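Following: one structure in structure tokens, then a few remarks.
FYI, it's all coordinate maths here, none of it is from the lab. Source: prediction; values computed, not measured. Ideal geometry is used to build each Cβ from the backbone, glycine not excepted, and the neighbour counts take in all protein chains shown.
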Amino acid sequence: MSGPTILVVAAALYDESGRVLIAQRPPGKHLAGRWEFPGGKVADGEDELAALARELREELGVEVTAARPLMRLEHSYGDRDVELSLWIVERYRGTPSALEAPALKWVAPESLGGEDLLEADRPFVEALRDLPPPR
């Protein structure tokens, strides 16, 4: 362990075909170039849903109108520890755009295992594979 654990929210955001959105980490960030579920750090005093809505507005330009928590896990990267909370975004307004990430990609849940996802996000892949997309 290395210092305080960083609380992070992540989104499973689906398109009309049931594919899930992943984002490429920007240059200069920890693990740049790898893929992750969109989201980010929860600020002090901020609740997770508010953090999720803020991060998706900043990163993707979408407004979350309904979301629910799915699972949480802890992961150590050696130089930092994270507690990740994955949320299913049930409804949102807008079209996701890469406002901060170099690239976005829609991926079928059963194909997520073939992507270069961050190690902390890997346990979410199996959970999403067995879950029907929100309607």
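One table, with the values for the structure above:
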| read-out | value |
| --- | --- |
| Gly61 surrounded by fewer than 17 Cβ atoms within 10 Å (Cβ to Cβ), in contact with a Ser or Thr (Cβ under 8 Å, 6 or more places away or on another chain) and not charged (D, E, K, R) | yes |
| Condition met for Asp121 (acidic (Asp, Glu) and crowded, with 18+ Cβ neighbours inside 10 Å) | yes |
| Residues that are of a type in the set (Lys, Arg) and either in contact with a helix residue (DSSP H, G or I) (Cβ under 7 Å, 6 or more places away or on another chain) or without any contact (Cβ under 8 Å) to a residue 60 or more places away in the chain (or both), drawn from segment 14-38 | Lys29 |
| Filter result (surrounded by 12 or more Cβ atoms within 10 Å (Cβ to Cβ) and in contact with a Lys or Arg (Cβ under 8 Å, 6 or more places away or on another chain)) within segment 24-37 | Gln24, Arg25, Leu31, Gly33, Arg34, Trp35, Glu36 |
| Single condition Leu52 does not satisfy, out of (1) within 14 Å of Ala23 (Cα to Cα); (2) without any contact (Cβ under 8 Å) to a residue 60 or more places away in the chain | (1) |
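Conditions (1) within 21 Å of Val125 (Cβ to Cβ); (2) under 15 Å from the mean Cα position of the chain (by Cα), marked per residue:
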{"residue": "Asp44", "(1), (2)": "no, no"}
{"residue": "Leu49", "(1), (2)": "no, yes"}
{"residue": "Arg57", "(1), (2)": "no, yes"}
{"residue": "Pro69", "(1), (2)": "yes, yes"}
{"residue": "His75", "(1), (2)": "yes, yes"}
{"residue": "Trp87", "(1), (2)": "yes, yes"}
{"residue": "Glu90", "(1), (2)": "yes, yes"}
